[in-house]
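Here's the structure, in structure tokens; my notes come after.
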Amino acid sequence: MAISHIRELLKKLLLKYKRFIKMAKTFLQLTNELLRELNEVVLTSSNFSSAIGIQAHAKDCINRAYLDIVTEEPKWPFLATAESGATDPMYGNVSVDTVAGTRWYELKAASSNLTTDYGAIEWDNFYITTVGVSGEAAPYVSKNLTYITMDTWKDFRRTTENADDADQAQGGQPNAVIRSHDGRKFALSPIPDKVYKVWFFAYDLPTELSAHSDEIVFPDVYSTTLLAKARYFMHQFKENPQAAAFALEDYKKGLRSMRENLLGPSTSYFKDDRVVFI
């Protein structure tokens with residue numbers, strides 16, 4: 001088949017399925033939906049940034065509602081830092097390479113402060129492996145890391161492991177992960193004796209909408225939940241408590257649907273993860 005014919009076929013297929021390709025709703029679209037519901041004048045991309053009065057307040061309401069939703073559950077799937085499965089879906093979506101003799105590591109090396117850190121970390125789901133480490137071959141190290149608090153490490157491990165830090169001893173194969181008090185770093189116990197990959201699940205910290213073209217991070221089907229909360233704020237501003245109460249109830253229903261659909265069923269079992277020290 002000629003290359004020109006293949007290109008023409010691909011172009012037709014793209015046109016055929018283009019209607020199914022849809023981007024997430026923008027800040028402008030959501031603001032205008034809210035304004036239309038309230039019978040107010042809508043904005044355009046050219047006057048969006050200079051909006052005043054009720055239009056500016058509508059923008060604020062959309063942002064407040066948006067941040068309320070994305071911070072309601074720090075581990076929403078749409079906030080995941082990356083898709084799990086770069087190596088294995090069970091590992092995590094972020095990895096950090098250890099250095100022999102180094103105990104502490106930044107969770108997000110590119111971050112300079114808390115405002116640019118990850119929004120949430122699954123501390124009970126850290127995994128260490130030599131799969132993907134240069135020079136390593138089977139049999140690989142692959143094991144879960146037990147989460148322990150700084151106080152637990154201090155009471156039961158610090159004395160015996162301090163020599164690793166002070167004397168630059170060889171350390172060993174880590175079996176536990178420790179969270180720093182500010183939540184920005186993690187430590188390994190024992191101190192790593194070589195290079196490992198530490199995998200974990202991280203979720204981004206959401207930021208407010210700013211430009212007219214900024215898009216929401218969740219599927220459009222849930223934009224009605226956002227608009228319900230925005231209506232609640234707007235009706236409060238207009239001193240209409242009855243309409244605000246109705247909007248708040250719509251928001252609560254929408255949020256329940258989001259949790260059920262995106263987070264799955266509630267946990268139906270309990271596990272005992274207490275650590276026994278001998």
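Values quoted throughout were computed directly from the atomic coordinates according to the rules given, and no laboratory measurement underlies them. Keep in mind it's a predicted model, so treat the numbers as computed, not measured. Here the Cβ is made from the backbone with ideal geometry for all residues, glycine too, and neighbour counts use every protein chain on show.
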Mean-position separation - Cα centroids, segment 183-252 and segment 92-114, in angstrom: 25 Å
Within the set Lys108/Lys154; Lys25/Lys238; Lys197/Lys252, which residue pairs have Cα atoms separated by over 30 Å? Lys197/Lys252
Is the C-alpha gyration tensor of segment 20-154 telling us rounded, prolate or oblate? Criteria: a/c under 1.5 is rounded; beyond that, a/b larger than b/c is prolate, otherwise oblate. prolate
Packing-based order for 38-45, 145-152, 186-193, using average beta carbon neighbours within 10 Å, highest first: 186-193, 145-152, 38-45
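At 0.36 nm per residue, and after removing the present C-alpha to C-alpha distance, how many nm does the segment from Phe156 to Ser213 gain when stretched out fully?
Answer, rounded to one decimal: 15.2 nm.
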Fewest Cβ neighbours within 10 Å first, please rank His181, His212 accordingly. His181, His212
Whole-number D in µm² s⁻¹ for segment 172-272, Kirkwood Cα-pair radius fed into Stokes-Einstein, 37 °C, 0.692 mPa s: 180 µm²/s
Going by how many other Cβ atoms sit within 10 Å of their own, how do Glu161, Glu208, Glu83 line up, fewest first? Glu83, Glu208, Glu161
Please report Met258, Met234 as a ranked list, fewest other C-beta atoms within 10 angstrom at the top and most at the bottom. Met258, Met234
Straight-line reach from Lys59: which aspartates and glutamates fall under 15 Å, measuring Cα to Cα and dropping same-chain residues less than 8 apart? Glu33, Glu37, Glu40, Asp68, Glu208, Asp214, Glu215
Quick one: divide the alpha-carbon radius of gyration of segment 81-203 by 2.2 N^0.38 Å and tell me what you get. 1.03
